[in-house]
Amino acid sequence: MKIGVHSATFVKDWSEDITPYLIQCKEAGYNCVEVSLLGQTDKNAEKINLLSKELNIKITCTTGLSQDEDIASDNSEIRINGIKALKKAIEITSIMGSSILSGVIHCAWGISKSNGKNKQDKYKYSSDSITEITSILENNKIKLGIEPLNRYETDFINTVDEGLQLCSLVNHSNVGLLLDVYHMNIEEKDIAKSIIKAKNKLFHFHVAENDRGIPGTGSINWVKIFNALKEINYKEYVTLEMFIQANQNTSKDLFTWRNIEEDVFNAISKSYEFLNKYSYD
């Protein structure tokens, strides 16, 4: 099992240089760091790529679309903005040497003005927009992972079933799902059964405890989750995505109003020790 850690776990600002953290993550045992593309430039991407090769760690990428880039919008200009943003994200993902781009790439991050209405229109606009970039994904050998979010963060694509419906409309081998235990714990009746339902459309996997802290310290049934991953023969990255720092520039975007863990890198180290216990070939 390949274990990664998301940069949002430790950065204080989206544009912060993450290269100093790569060494610390490597020392903690991680063989992958997931980079949020928010605030990243081509120059940063090249720097990250070079250092990751030196350290022999892999990079995965994630991003989120703004309200002005919502590819599920009924406004064609906004959809065009979103398609441009995704094309740029694919370019930076390629520069970083990553083969996966995932996150809120199917709509805007946040509740839309429609407040959950017109979902069928959203499916059409979103799937049509993603279809426009599938050839670019294929040419760059990059997979796209659609992330279902909980109901408090989006009114479009909350569950595995909804995510699979969108994947079915796009109908391309490079388009699948990123599943996140934190969101699944809110939206799914049975997390393990939902993982099994995703099967070969599960491209990427995020983990954190129910409070987004250290896995194994809360109420999540990790035995069932890892048994489900084994059942579907999941071989991709299991990436730690803890949002645990309050009073940072990133905190308002991540809804983190108190410190979930006091020492970030101690939390990262403890998380690795826990996740590694469930490691499988």
Exercise for the section: Taking the options GLY163, GLY213, name whichever one is under 29 Å from VAL264 (Cα atoms), surrounded by 16 or more Cβ atoms within 10 Å (Cβ to Cβ) and touching a residue at least 12 places away in the same chain (Cβ under 8 Å). Expected result: GLY213
Exercise for the section: Kindly indicate whether any position in the stretch 6-17 is crowded, with 20+ Cβ neighbours inside 10 Å and more than 18 Å from the chain's Cα centre (by Cα). Expected result: no
Completion exercise
Subset of the stretch 84-135, residues modelled with pLDDT under 95 and more than 14 Å from ASP74 (Cα to Cα), comes to TRP109, GLY110, ILE111
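Search the stretch 177-192 for residues being of a type outside the set (A, V, I, L, M) and assigned to a helix (DSSP H, G or I), and hand back the single one that is surrounded by the most Cβ atoms within 10 Å (Cβ to Cβ). I'd like the intermediate steps shown before the answer.
Keep residues of the stretch 177-192 that are of a type outside the set (A, V, I, L, M), which gives 180, 182-183, 185, 187-190.
Then drop every residue that is not assigned to a helix (DSSP H, G or I), which leaves 182-183, 185, 187.
Values: TYR182: 19, HIS183: 24, ASN185: 18, GLU187: 19.
So, considering only residues that are of a type outside the set (A, V, I, L, M) and assigned to a helix (DSSP H, G or I), the one surrounded by the most Cβ atoms within 10 Å (Cβ to Cβ) is HIS183.
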Fill in the blank from the handout: Selection from the stretch 18-41 of residues outside any loop (DSSP other than H, G, I, E, B) and either surrounded by fewer than 18 Cβ atoms within 10 Å (Cβ to Cβ) or not β-branched (Val, Ile, Thr) (or both) yields THR19, PRO20, TYR21, LEU22, ILE23, GLN24, CYS25, LYS26, GLU27, CYS32, GLU34, SER36
Exercise for the section: Looking only at the stretch 179-202, decide whether some residue is closer than 20 Å to THR62 by Cβ, modelled with pLDDT of 95 or more, touching a strand residue (DSSP E or B) at 6+ places or on another chain (Cβ under 9 Å) and of a type in the set (Asp, Glu). Expected result: yes
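Would you be able to say whether some residue in the stretch 168-176 is under 15 Å from the mean Cα position of the chain (by Cα), outside any loop (DSSP other than H, G, I, E, B) and farther than 19 Å from SER73 by Cβ? Even if it seems obvious, please write down each step before you answer.
The initial filter retains those residues of the stretch 168-176 that are under 15 Å from the mean Cα position of the chain (by Cα), namely 175-176.
From what is left, the residues that are outside any loop (DSSP other than H, G, I, E, B) are 175-176.
If we keep only those that are farther than 19 Å from SER73 by Cβ too, we end up with 175-176.
Within the stretch 168-176, one or more residues are under 15 Å from the mean Cα position of the chain (by Cα), outside any loop (DSSP other than H, G, I, E, B) and farther than 19 Å from SER73 by Cβ.
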Practice task
Find the residue count for the stretch 249-265, including only residues that are among the acidic types (Asp, Glu) and surrounded by 14 or more Cβ atoms within 10 Å (Cβ to Cβ).
Solution key: 2
Completion exercise
Per the list (1) crowded, with 20+ Cβ neighbours inside 10 Å; (2) among the polar types (S, T, N, Q); (3) assigned to a helix (DSSP H, G or I); (4) touching a residue at least 60 places away in the same chain (Cβ under 8 Å), residue check on ASN44 breaks on (4)
Problem - Positions within the stretch 64-79 being in contact (Cβ under 8 Å) with a residue 24 or more places away in the chain, of a type in the set (A, V, I, L, M) and not in a loop (DSSP other than H, G, I, E, B), in sequence order - result: LEU65
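The values are calculated or read from the model by the stated rules, or taken from the named source; none is laboratory data. Note that the structure is predicted; figures quoted are calculated from it, not measured. Note that we place each Cβ from the backbone using ideal geometry, even for glycine, and neighbour counts take in every protein chain shown.
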